[in-house]
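Notes to accompany the following structure.
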Amino acid sequence: MIESIPRVALSIKQPWAELIVSRRKTVEVRSWVTSYRGRFWVHVGKRPDEGAMPLFDFSRPLFTGGYIGIAELVSIEPLNRIRWSQLRPEHLVPGPMKDGLSAWHIAGASPLRQPVAGPGQMGLFDVPDEVLAILRSSLAT
């Protein structure tokens, strides 16, 4: 069972969110940093990353517009070109690195039993209490 239930979520586009909750992606690449460390709900926006969708073979359509899992933000490190290349098997982002990016190291990801529809926001955001109650009951055991 999950040790602590978070109050915060991070919105991540598909297919990246699905890759995180399936533990195929353990580094999320972001252009901003946060002091937050700990568990968070994985939220997916309504619009997927169309350029990335063909890069990964999914046997089913991917859910959009709500929550699909839970994970833990363990650490954040600035990226340089060498580290970008070293972490490629974990971040899965194709192409050359852009300046000013950070690697968000993620652990302990797991999917919900069923996705939960709900709005998100940019950045880390507080999950409304009524949605938290539904998310708690949707955790896979």
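The values are calculated or read from the model by the stated rules, or taken from the named source; none is laboratory data. Please read these numbers as outputs of a predicted model, since none were measured by experiment. FYI the Cβ positions are ideal-geometry reconstructions off the backbone, even for glycines, and counts take in every protein chain you see. Side chains are part of the model used for accessible areas, which takes the heavy atoms of the whole protein and leaves out ligands, DNA and RNA. Shrake-Rupley method; radii C 1.70, N 1.55, O 1.52, S 1.80 Å.
Tabulated data
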read-out: Residues within region 6-34 that are open to solvent by less than 60 Å² (accessible area, probe 1.4 Å) and either out of contact with any Phe, Trp or Tyr (no Cβ under 6 Å at 6 or more places or on another chain) or within 16 Å of L55 (Cα to Cα) (or both), tallied; value: 16
read-out: Positions within region 48-66 being surrounded by 10 or more Cβ atoms within 10 Å (Cβ to Cβ) and more than 26 Å from L87 (Cα to Cα), in sequence order; value: F63, T64, G65, G66
read-out: Close pairs from region 21-50: first within 19 Å of P78 (Cα to Cα) and of a type in the set (V, I, T), partner part of a loop (DSSP other than H, G, I, E, B) and open to solvent by less than 50 Å² (accessible area, probe 1.4 Å), Cβ under 6 Å, at least 6 apart; value: V29/V93; V29/L101
read-out: Single residue of region 119-134 satisfying the filter (in a loop (DSSP other than H, G, I, E, B) and at negative phi) that is most open to solvent (accessible area, probe 1.4 Å); value: M122
read-out: Enumeration of residues in region 88-115 that are under 15 Å from the mean Cα position of the chain (by Cα) and of a type in the set (A, V, I, L, M); value: L92, V93, A103, I106, A107, A109, L112
read-out: Region 108-133 residues that are more than 15 Å from V8 (Cα to Cα) and in contact (Cβ under 8 Å) with a residue 60 or more places away in the chain, paired with ones that are open to solvent by 50 Å² or more (accessible area, probe 1.4 Å) and of a type in the set (D, E) (beta carbon under 8 Å, 6 or more apart); value: G108/E72
read-out: Flag for I106 being open to solvent by less than 70 Å² (accessible area, probe 1.4 Å), touching a Lys or Arg at 6+ places or on another chain (Cβ under 8 Å) and modelled with pLDDT of 95 or more; value: yes
read-out: Any chance V33 is modelled with pLDDT of 95 or more and over 21 Å from L101 (Cα atoms); value: no
